[in-house]
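Structure first, commentary second.
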Amino acid sequence: MEPIIEFKNFSFKYRSQKEPTLKDINLKIYPGEKVLIIGPSGSGKSTLAHCINGLVPFSYSGEITGEYTIAGKDPKKLDIFELSKSVGTVLQDTDGQFIGLTVAEDLAFALENDEVPTKELHERVDKIAKEVDVKNLLEHAPTELSGGQKQRVSMGGVMISDVDILLLDEPLANLDPATGKHTMELIDEINKSKGTTIVVIEHRLEDALFRGADRIVVVGDGKIVSDSTPDELICKDILEEQGIREPLYVTAIKHAGGKLTEEMTPSRIDTIDVSSVKELVKSWHDKNAVFCEEEKGETILEGKDIYFSYDGKEKVLENVNFSVSKGEMLAIVGKNGAGKSTLSSLICGFNKPTSGELLFRGKDMSDLSIAERGEKIGLVMQNPNHMISKPMIFDEVALGLSIRGIPEKEIKERVEKILRVCGLYPFRNWPISALSFGQKKRVTIASILVMDPEIMILDEPTAGQDYRHYTEIMNFLKDINEKLGVTIIMITHDMHLMLEYTKRALVLADGKILADTTPARVLTDETLSDKAYLKKTSLYDLAEMCDIEDPTAFCETFIAFEQRER
């Protein structure tokens, strides 16, 4: 069988760079395969994807050496429109992919361009809408949809042209865990029922392997460092060497001294045979078991009977009651559209509750302006580019103080102090454009910290970060929390983050708080996880397989052990 994607001794150097981003790539992907491409940030995996879908060389010019073919053709001899007939790309940011005013229009766009007759067009839109499960959304505007619904519409929009290859760039990055699970199910169904070749680029390895993959290609420093089956890869040290997060149950087995072999089929929790490590895992848990006490300090923030509606009819938040203690690290979790970001906008004063009270240190905040709240409560948005407005690092961090008329000498002292805390002092005179995404994230955190807030709210602090940058950001936030005493509230879809770095979670679904408990309890309660569109942790499944009576206690043992190891 001829490969559908092939690279032979392929290298690519962007026009503005001295060194190639991709170096001597040799790769074959065959029709109908499902291949996962992983690697740390900056490894070259996105550039490899751009070569597959034609953005290299048509949008990103540079120097190509070696050969490559897509669907048996040389991309350099085609144009990007011709290539799009073979390769459909679903972007990480689906909002940038919509064209039509309704879902039906968006799905029909490619067919209209090809002048497909109206009757056939309607039939094909109807068929693809059923396949990606958006039939009931055809009259909706794409902007009104949830993250998971947008993902399905984007897939439908590229599949309607009967593409041979479906390329997905971080399909799980902005989805709640349960919606991410459904997305991987849909991708698997497309692969099996239509025979479409699937290429997935993703940081979240455990979630991406939910329905398995034929192969995993690991890219590091512009080279292919591994091309193997998932079971082979899990048994090697490559993930750790490349700074890629391995599945949690694998880490737990390794902590217990267990050795993984391919015969155990260890790449998925639903296929792994734990008989050879069962006793090791049980005795490790017994030896390291912890007793978690609830710690309650002074209440700094409180919500009482909060109701909120944007249009006066549909309730976005209903009867929300919560309290946050000084010095806590707290997670707010729940499905897309549950009301998490709305709650943070009420706390910051961007919107006012329809009814109910928000109290800071026991005092009602309703009369405080956004600027006055900003001195006590800082919000760090998910995308640092949405916050940055100055070209230079020092000026960006100093901006809030300058606006408030703080004297120049004090500004300099405070900014330099915070830049040291954030590990940005050596770059203080750099332009922001020279920074990585993770460093920009630190700049936005520094620009809030310099205001001396007592509470920081972070929206998806680790979204799109590889494991090394994820760990850097989270350890940095933990330092701020412990050394400066800043109370930290994190809105997140990342269950690993919630488990490892917070002691308490507020679970939201459909505008109501379903639970206020420990992360381990949230992720070992199947009923609660289902209602909130979360996903039961694989540690729970491992505990059950190893006949551990209390899976929640096993999760807490794992968390405490990881924290000690760090």
Angle in degrees between helix 103-113 and the longest Cα principal axis of the chain, rounded to the nearest 10
30
Round to the nearest 10 and report in Å² the accessible area of Asp133, as given by a 1.4 Å probe over the protein chains' heavy atoms.
100
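Over the alpha-carbon set of the range 299-535, divide Rg by the Kirkwood Rh and report the Rg/Rh ratio to two decimals.
0.97
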Cα centroid distance between the range 75-96 and the range 142-181, in Å?
15
Dipole magnitude (debye, nearest 20) for the range 299-535, charges at Cβ of Lys, Arg, Asp, Glu
400
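I need to check one value: relative contact order of the chain, counting alpha carbon pairs closer than 8 Å and at least 6 residues apart, in percent.
14
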Kirkwood hydrodynamic radius of the chain, from inverse mean 1/r over distinct Cα pairs, in Å:
25.5
Kindly give the semi-axes, whole Å and largest first, of the ellipsoid equivalent to the range 5-242, taking each as the square root of 5 times a Cα gyration tensor eigenvalue.
30, 21, 15
For the full complex of protein chains and a 1.4 angstrom probe, list Ser283, Ser16 by accessible area with the highest value first.
Ser16, Ser283
Might you work out the accessible area of Tyr14 for me, using a 1.4 Å probe with all protein chains in place, and round it to the nearest 10 Å²?
40
For the range 349-399 and the range 516-535, distance of Cα centres in Å
30
Compute the acute angle (0 to 90°) between the alpha-carbon long axis of helix 278-288 and the principal axis of greatest extent of the alpha-carbon atoms of the chain; round to the nearest 10°.
20
So what's the net charge close to Thr94: Lys and Arg +1, Asp and Glu -1, counting the other residues with Cβ under 12 Å from its Cβ?
-3
Specify whether the C-alpha gyration tensor of the range 1-97 places it in the rounded, prolate or oblate class, a ≥ b ≥ c being the square roots of the eigenvalues: rounded for a/c under 1.5, otherwise prolate if a/b is larger than b/c and oblate if not.
rounded
Lys and Arg at +1, Asp and Glu at -1: add these up for the other residues within a Cβ distance under 15 Å of Phe476 and post the number.
+4
Summing +1 per Lys or Arg and -1 per Asp or Glu among the other residues with Cβ less than 13 Å from Lys352's Cβ gives -2
Can you give the angle from 0 to 90° between the axis of helix 408-421 and the longest principal axis of the chain, with both taken from C-alpha atoms, to the nearest 10?
60
Expressed in square angstrom to the nearest 10, the accessible area of Ile160 with a 1.4 Å probe stands at 10
Measure off, as a whole percent, the carbon and sulfur share of the 1.4 Å-probe accessible area of the chain, all protein chains present.
48
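Expressed as a rounded percentage, what relative contact order does the range 469-527 have, with Cα pairs under 8 Å and six or more residues apart?
Over the range 469-527, the number comes to 20 percent.
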Convex hull volume of the range 360-467 per residue (C-alpha atoms, cubic angstrom):
121
Go through the range 301-351 and name the GluC sites (Glu not before Pro) that are in a DSSP coil and have 15 or fewer other Cβ atoms within 10 Å of their Cβ.
Glu314
Have a look at the DSSP beta bridges in the chain and tell me what percent are antiparallel, nearest 5.
50
Write down the accessible area per residue of the chain in Å², having rolled a 1.4 Å probe over the full set of protein chains.
45
Run the numbers on the range 2-73 and let me know its relative contact order in percent, using alpha-carbon pairs under 8 Å that are six or more apart.
47
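The values are calculated or read from the model by the stated rules, or taken from the named source; none is laboratory data. Fair warning: this is a prediction, and the values are worked out from it, not measured in the lab. We place every Cβ from the backbone using ideal geometry, glycine too, and count neighbours over all the protein chains shown. Keep in mind that these areas ignore ligands, DNA and RNA; they rest on the heavy atoms of the full protein, side chains included. Shrake-Rupley method; radii C 1.70, N 1.55, O 1.52, S 1.80 Å.
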